[in-house]
1. Provide a single number: the residues in the range 1-32 that are open to solvent by 60 Å² or more (accessible area, probe 1.4 Å), among the charged types (D, E, K, R) and either outside any loop (DSSP other than H, G, I, E, B) or in contact with a Phe, Trp or Tyr (Cβ under 6 Å, 6 or more places away or on another chain) (or both).
2. Within the range 1-14, can you find the residues that are within 16 Å of V199 (Cβ to Cβ) and either among the charged types (D, E, K, R) or out of contact with any His (no Cβ under 8 Å at 6 or more places or on another chain) (or both)?
3. Quick one: R213 ticks every box in (1) charged (D, E, K, R); (2) in a strand (DSSP E or B); (3) over 27 Å from K56 (Cα atoms) bar one, so which box is it?
4. Mind checking which residues of the range 1-54 are farther than 30 Å from V186 by Cα, small (G, A, S) and out of contact with any Pro (no Cβ under 6 Å at 6 or more places or on another chain)?
5. Of the conditions (1) open to solvent by 50 Å² or more (accessible area, probe 1.4 Å); (2) closer than 22 Å to R81 by Cβ; (3) of a type outside the set (D, E); (4) assigned to a strand (DSSP E or B), Y114 satisfies every one except a single condition; which number is it?
6. Any chance the range 139-155 includes a residue that's touching a residue at least 60 places away in the same chain (Cβ under 8 Å) and part of a loop (DSSP other than H, G, I, E, B)?
7. Regarding the range 196-206, can at least one residue be identified that is charged (D, E, K, R), closer than 21 Å to Y17 by Cβ, under 22 Å from the mean Cα position of the chain (by Cα) and surrounded by 12 or more Cβ atoms within 10 Å (Cβ to Cβ)?
8. Is it the case that T133 is assigned to a strand (DSSP E or B) and either over 30 Å from D35 (Cβ atoms) or not hydrophobic (A, V, I, L, M, F, W, C) (or both)?
Amino acid sequence: GMIWHLYDWYLRPGGAYFGAKKANEPLHVQYSYDDRSVVVVNSRYAAVPNLKVTAKVYNLDMSVKFSREVTQGVGEDSSTRVLTLPEIAGLSSTYFVGLRLEDASGAEVSRNFYWLSTKPETLDWEKSDWYHTPTRSFADYTALNTLPAVELKVTSQSRTQGADGVTAVTVANPSRSLAFAVRLKVKKGPDGDEALPIVWEDNYFPLLPGESRTVTATYRT
């Protein structure tokens, strides 16, 4: 039960694989559910100066409800709270928090994206025991079902590197809507099976309106 949500029998990585990979970045920006703070986690044994954190809160229609930038250094092997999101009026029932971390040169070193609910999730502590606490009421993410379909623009280039094939995919979102969970696949020809096993740089990722990303996959030729 510890691995099948990360990858399956055919070594196809799942969404949780990329979540775990992101969580283990040596320099990482994250949102704290308990107090709405934004934290930079530095697992390196060296301080990092002049990091810029950008935090934005979006409604379901991708209108920006809050935006803030903070420049701050972080110590070695540390977790540093850099800002706290305020109470925001007029949020849709499901909303989003986007975080971006840049180094002193302006290069992106970490990004994170959360979908949140204005309805809090509550635990039933009266029925808690030593290994499990049931949920009394769940957060409401049903509005995600109303997100419009997005027609993405995709280009790719493939090359051979020793015994490996390497495919770089550039995917762009030309719409005004969020592409919620973009999943890329390399196939063995137009009607072929998915190439497996495969190692993606990233996958199951969001694309904001107007945003584009290039990610790379490596597999045995």
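1. Adding up the residues that qualify gives 1.
2. Going through the range 1-14, the residues within 16 Å of V199 (Cβ to Cβ) turn out to be 3, 6-8, 10-14.
Within the range 1-14, I3, L6, Y7, D8, Y10, L11, R12, P13 meet the criteria.
3. The single condition R213 does not satisfy is (3).
4. S32, S37, A46, A47 - these are the residues of the range 1-54 that are farther than 30 Å from V186 by Cα, small (G, A, S) and out of contact with any Pro (no Cβ under 6 Å at 6 or more places or on another chain).
5. Going through the list (1) open to solvent by 50 Å² or more (accessible area, probe 1.4 Å); (2) closer than 22 Å to R81 by Cβ; (3) of a type outside the set (D, E); (4) assigned to a strand (DSSP E or B), Y114 breaks only (1).
6. Yes, the conditions are met somewhere in the range 139-155.
7. Yes, because at least one residue in the range 196-206 is charged (D, E, K, R), closer than 21 Å to Y17 by Cβ, under 22 Å from the mean Cα position of the chain (by Cα) and surrounded by 12 or more Cβ atoms within 10 Å (Cβ to Cβ).
8. Working: assigned to a strand (DSSP E or B): no; either over 30 Å from D35 (Cβ atoms) or not hydrophobic (A, V, I, L, M, F, W, C) (or both): yes.
When the stated conditions are applied, T133 does not pass them.
The values are calculated or read from the model by the stated rules, or taken from the named source; none is laboratory data. All of these numbers come straight from a predicted model, not from anything done at the bench. Methodologically, a virtual Cβ is constructed for each residue, glycine included, from the backbone with ideal geometry; neighbour enumeration extends over all protein chains shown. All accessible areas refer to the heavy atoms of the entire protein, side chains included, with ligands and DNA or RNA removed. Shrake-Rupley method; radii C 1.70, N 1.55, O 1.52, S 1.80 Å.
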